[in-house]
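For reference, the structure discussed in these notes is given below.
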Amino acid sequence: MLQVENVTRVFGQKRAVDNLSFSVDGPQFVGIIGRSGAGKSTFLRMMNRLTDATSGRILVDGRDILALKGAEARGWQSHCAMIFQQFNLVPRLDVASNVMHGVLNRRSTLRTMFNVWSREDILRALDILDRLGIAEQAPKRAEALSGGQQQRVAIARALMQDPQIILADEPIASLDPMNAQIVMDTLKRINVEDGRMVIANLHTLDTARQYCDRVIGMRDGRMVFDGTPAQLTTDVAREIYGADDSFNEAATSTSINRPDDSAAVAALREAASLA
Amino acid sequence: MTDMTRPAHDLTGLDAIRHDYLRMTRQRQLYTGVLILVFIVLMVAGFDTADSRNAGGFWEGLNQIFDFPADVISEAIEKAANLPGHIMGALPALIETINIAAVATLIGCGFGTLFAVLGTRGLALWPALIPVFRRITDILRAIPEVVIALVLIFVMGGGPVPAMVAIALHTAGAMGKLFSEVNENVDLRPVEGLASVGANWSLRIWLGVFPQVLPNYLSYGLMRLEVNIRASAILGFVGAGGIGYELRNAMTFGQGRFDEAAAIFIVLFVTIVVVDQISSAVRHKLTHGGQ
């Protein structure tokens, strides 16, 4: 379904993404982890065609989406939803309008400019908001909502696009643990119930372990790990983040649950023995 | 959406939301429609009034719009050999015009900065006097440059100094307004940080505000330079010297000296393009200079 072949992006002298290759069959929940500047965001932005690749191919159902131009590229964007860390909604427009932006590529530009939507579009947007539990926010301005609610609006906009693939760039990095869990649960639900592929950049290991079917680790633009969450041991995590023995993931865990799963307990014990 | 599984109990709630939202969109569309209608009516009515008051009428005059440019261009092409000479001849006057504009922009931006800082809420040294400084900039903006220049020329006699003063006063008013709008968007946290280590007002502004606003100030200032070159050329028409004076002479002589007018237009156009290119390069460097 998705094949990434030797994708590279060079910024000046820096190879932000360096010869990245992997393939995903079927609607998996793929997590990409790595420290800041590892190339995670650049890769997602290339998939969504917000950033151009320097070389390589990304095949989706056999079609190279990196080669698309103009209206065809925008057509691809409309079928490949992106969720951002800072939500990237239009703050002064109401929530339902923001959700309906998901289909603007398939509607007349003039009608969209004047915010004239068909009855079906409006009802569908409201249904999606209802499914995510925020239908009563529909007439409010997006800026009036809390961060967690705004991110759910962004997910609703993504669902409005009816995409095969949903890309999420650090979707919970600006949210508190409670909202982070709601947003991740929502993404997982979409992944399981609708059968849509989700590729999410995550910056916490516990989230990656809890939600992902598969985890890809990146360091300095290269892939350094590709496996199941179970294979993601503390040693592997140290390798991905380039950390030494003092690295202790329990210290930065953002899970709302107490760190009682075995990995975190092991990490804590290790930390205690080092201290 | 493929499957829209929804618990049955909140159907009434959703129905209410649907109903309300649809009603709201209908209302909004009605307002938009009325607004567009008002806009069109105003356009048509305003145009009609203007057209009926006009001496010649718009539609009759429309085909004559290009008569003057056509005359100038055809004569300039006829006497193309004279153009380089005329362009060289216009250069000293051009330098005078640019000088007037540059000095006026510098002085005007200086006073504009002062008015802006003193007239911005949250930054002002004397908050009670904010309205005073705001009104001063309003007054400076309200009086057209030509009027100030004419009064000053009457008092001081013709020459570049009255033009410079006139443009500087107007620039101070305009920049005071623009700069204070930039100031309003400033992040106050560094200012608070400086206050916490005991900085006085001038240091708080100098270290906390100026580094944030300088790129914007400079970009507005460079754009103002462009505007002022045009203004200084126009003031030449009323006796302030510079290229405007030459242009007026060439144009009022009419047929026969249009080649000279064309040369001056070319010189002015090239000047504006050069200033624009330089200022956009500088602005680009300022805003993306870090990378």
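The values are calculated or read from the model by the stated rules, or taken from the named source; none is laboratory data. Keep in mind the model is a prediction, meaning the values are calculated, not measured. Cβ coordinates were reconstructed from backbone atoms using ideal geometry, including for glycine residues, and neighbour counts include every protein chain displayed.
Screening B:Glu145 on (1) under 22 Å from B:Gly244 (Cβ atoms); (2) modelled with pLDDT of 90 or more; (3) among the charged types (D, E, K, R) shows it passes everything except condition (2). Every condition in (1) under 25 Å from B:Arg257 (Cβ atoms); (2) outside the structural domain of B:Val270 (by TED's automatic domain parsing); (3) of a type in the set (S, T, N, Q) is met by B:Ser74 except one, and the failing one is (2).
Out of B:Gly61, B:Gly57, I need the residue that is more than 9 Å from chain A (Cβ to nearest Cβ), at pLDDT below 75 and closer than 30 Å to B:Val267 by Cβ. Which one?
Working: B:Gly57 fails: closer than 30 Å to B:Val267 by Cβ.
The unique qualifying residue is B:Gly61.
Could we say that A:Val90 is in contact with a helix residue (DSSP H, G or I) (Cβ under 8 Å, 6 or more places away or on another chain), within 7 Å of chain B (Cβ to nearest Cβ) and part of a loop (DSSP other than H, G, I, E, B) here? Criteria not met by A:Val90. Take A:Asn179 and tell me if it is outside any helix (DSSP H, G or I), over 12 Å from the mean Cα position of the chain (by Cα), free of Cβ contacts under 8 Å to residues at least 40 places away in the same chain and surrounded by fewer than 23 Cβ atoms within 10 Å (Cβ to Cβ). No: the conditions fail for A:Asn179. All conditions in (1) out of contact with any strand residue (DSSP E or B) (no Cβ under 9 Å at 6 or more places or on another chain); (2) facing another protein chain (nearest Cβ under 8 Å); (3) modelled with pLDDT of 80 or more hold for B:Met24, with the sole exception of (1). The set of residues in segment A:136-165 that are out of contact with any strand residue (DSSP E or B) (no Cβ under 8 Å at 6 or more places or on another chain), crowded, with 22+ Cβ neighbours inside 10 Å and more than 13 Å from chain B (Cβ to nearest Cβ) comprises A:Gln150, A:Arg152, A:Val153. Go through the residues of segment B:83-99 one by one and say whether even a single one is in a helix (DSSP H, G or I), in contact with a Lys or Arg (Cβ under 8 Å, 6 or more places away or on another chain) and not aliphatic (A, V, I, L, M). Among the residues of segment B:83-99, not one is in a helix (DSSP H, G or I), in contact with a Lys or Arg (Cβ under 8 Å, 6 or more places away or on another chain) and not aliphatic (A, V, I, L, M), which makes the answer no.
Inside segment A:46-60, can you point out the residues that are within 20 Å of the chain's Cα centre (by Cα) and at positive phi? Residue satisfying the conditions is A:Arg49 alone. Set side by side, the residues A:Asn201, A:Asn191 differ, and just one is away from chain B (no Cβ under 14 Å), out of contact with any His (no Cβ under 6 Å at 6 or more places or on another chain) and touching a residue at least 60 places away in the same chain (Cβ under 8 Å), which is A:Asn201. When every residue of segment A:113-135 is checked against the conditions, none turns out to be surrounded by 14 or more Cβ atoms within 10 Å (Cβ to Cβ), away from chain B (no Cβ under 14 Å) and out of contact with any helix residue (DSSP H, G or I) (no Cβ under 6 Å at 6 or more places or on another chain). Does B:Ala168 satisfy being crowded, with 20+ Cβ neighbours inside 10 Å, under 16 Å from the mean Cα position of the chain (by Cα) and either assigned by TED's automatic domain parsing to the domain that holds B:Arg224 or not in a helix (DSSP H, G or I) (or both)? So B:Ala168 fits the description; yes.
Say we look at segment A:28-42 and pick out the residues that are touching a Lys or Arg at 6+ places or on another chain (Cβ under 6 Å) and β-branched (Val, Ile, Thr); which of these is nearest to A:Met223 (Cα to Cα)?
Only one residue tops the list, namely A:Ile32.
Can you tell me which residues in segment B:259-268 are within 14 Å of B:Ile95 (Cα to Cα) and either surrounded by fewer than 24 Cβ atoms within 10 Å (Cβ to Cβ) or not assigned by TED's automatic domain parsing to the domain that holds B:Glu75 (or both)? Steps first, answer last, please.
Filtering segment B:259-268 for residues within 14 Å of B:Ile95 (Cα to Cα) gives B:264, B:267-268.
B:Val267, B:Leu268 - these are the residues of segment B:259-268 that are within 14 Å of B:Ile95 (Cα to Cα) and either surrounded by fewer than 24 Cβ atoms within 10 Å (Cβ to Cβ) or not assigned by TED's automatic domain parsing to the domain that holds B:Glu75 (or both).
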